[in-house]
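Below is one structure; the comments refer to it alone.
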Amino acid sequence: MAPTPDRRVAIMEAAIGVFLRYGYRKTSMDDLARAAAISRQGLYLHFSAKDELFKQAVTWFAERGLAAMRAALAREELPIEERLVGAFAALHAQNDGSQMSLEHMNEIVATARELVGPVLEEFDQAVPKELARAIQSAGDAVPWRGAGLTAKALAQHLYAASHGLKHYARTPAEYQAGIRTAVRLVCGRPGPAAGA
C-alpha cells in the first residue's frame, strides 16, 4: 500500500483518539495500527516511528483546530455570543468524541511540548488572539470597554476557562455548558442558574 495524503490523515485522526485515551507512553504502534485499521507494517510505510506520528498528528490537529475556530468566528451573521461558543465547539469537536483521560492529561501535554514545541506555543498564542479580534469587532455587543477591560484580557480568560473545563468536565455536554456560561459572562449576560 503506497502512502497517500488521505491515508495519512486517516491514520493521524485515528492516532489522536488513541493518544488522547491512553497517553503517549502506553500507546504502541500496534495500538495505532489497529485503530487505523492498517497492519503494523503498513503503518510504518506512512510513519517511521511513534514519535514521528505523534508530532505530525499533533501539528495537524492544531492546524485543523485553528481553521475550524476561525471559520466559526467569521460567521458574522451570528451574534458574538454564538460565534464565541461556536469557536470553542469547533476547536474541541475535533476529537470526534474521544475523551482525553485525566490520568494522561499532563503526560500528553508534556510530551507534546517536548516533541512538537513551537506548534503548541503558536497555537496557545493564536487562539486568544483570534478570540480577542472577534470580541474587539463586536463593538458594543460586548460591554468590556465600560468595565475597564481589554478584549485581550477577556479572550485570555475565556481560553483559561476552556483549559479548566477540559480538565474537569466529565462529558462534552458539560464542557459546552461551562464554556457557554463563561461566554455569557464575557458578553455581559449571566449564565443559567445552578441546576438549570
Search result, residues across segment 36-49 that are open to solvent by 40 Å² or more (accessible area, probe 1.4 Å) and in a helix (DSSP H, G or I): R40, Q41, Y44, L45
Filter result for R25 (at pLDDT 85 or above, within 23 Å of H163 (Cβ to Cβ) and over 20 Å from the mean Cα position of the chain (by Cα)): yes
Single residue of A10, A15, A33 found to be more than 23 Å from N106 (Cα to Cα), in a helix (DSSP H, G or I) and touching a Leu at 6+ places or on another chain (Cβ under 9 Å): A33
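Yes/no matrix, rows are residues, columns are (1) at negative phi; (2) among the aromatic types (F, W, Y); (3) open to solvent by 70 Å² or more (accessible area, probe 1.4 Å); (4) modelled with pLDDT of 80 or more:
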{"site": "M100", "(1), (2), (3), (4)": "yes, no, no, no"}
{"site": "T111", "(1), (2), (3), (4)": "yes, no, no, yes"}
{"site": "Q136", "(1), (2), (3), (4)": "yes, no, yes, yes"}
{"site": "D140", "(1), (2), (3), (4)": "yes, no, yes, no"}
{"site": "R145", "(1), (2), (3), (4)": "yes, no, yes, no"}
Residue that is most open to solvent (accessible area, probe 1.4 Å), among those in segment 51-92 that are touching a Phe, Trp or Tyr at 6+ places or on another chain (Cβ under 8 Å) and without any contact (Cβ under 8 Å) to a residue 60 or more places away in the chain: Q56
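The values are calculated or read from the model by the stated rules, or taken from the named source; none is laboratory data. The structure presented is a predicted model; accordingly, all values stated were derived computationally and were not measured. Note that we place each Cβ from the backbone using ideal geometry, even for glycine, and neighbour counts take in every protein chain shown. The accessibility values were calculated without ligands, DNA or RNA, using every heavy atom of the protein model including side chains. Shrake-Rupley method; radii C 1.70, N 1.55, O 1.52, S 1.80 Å.
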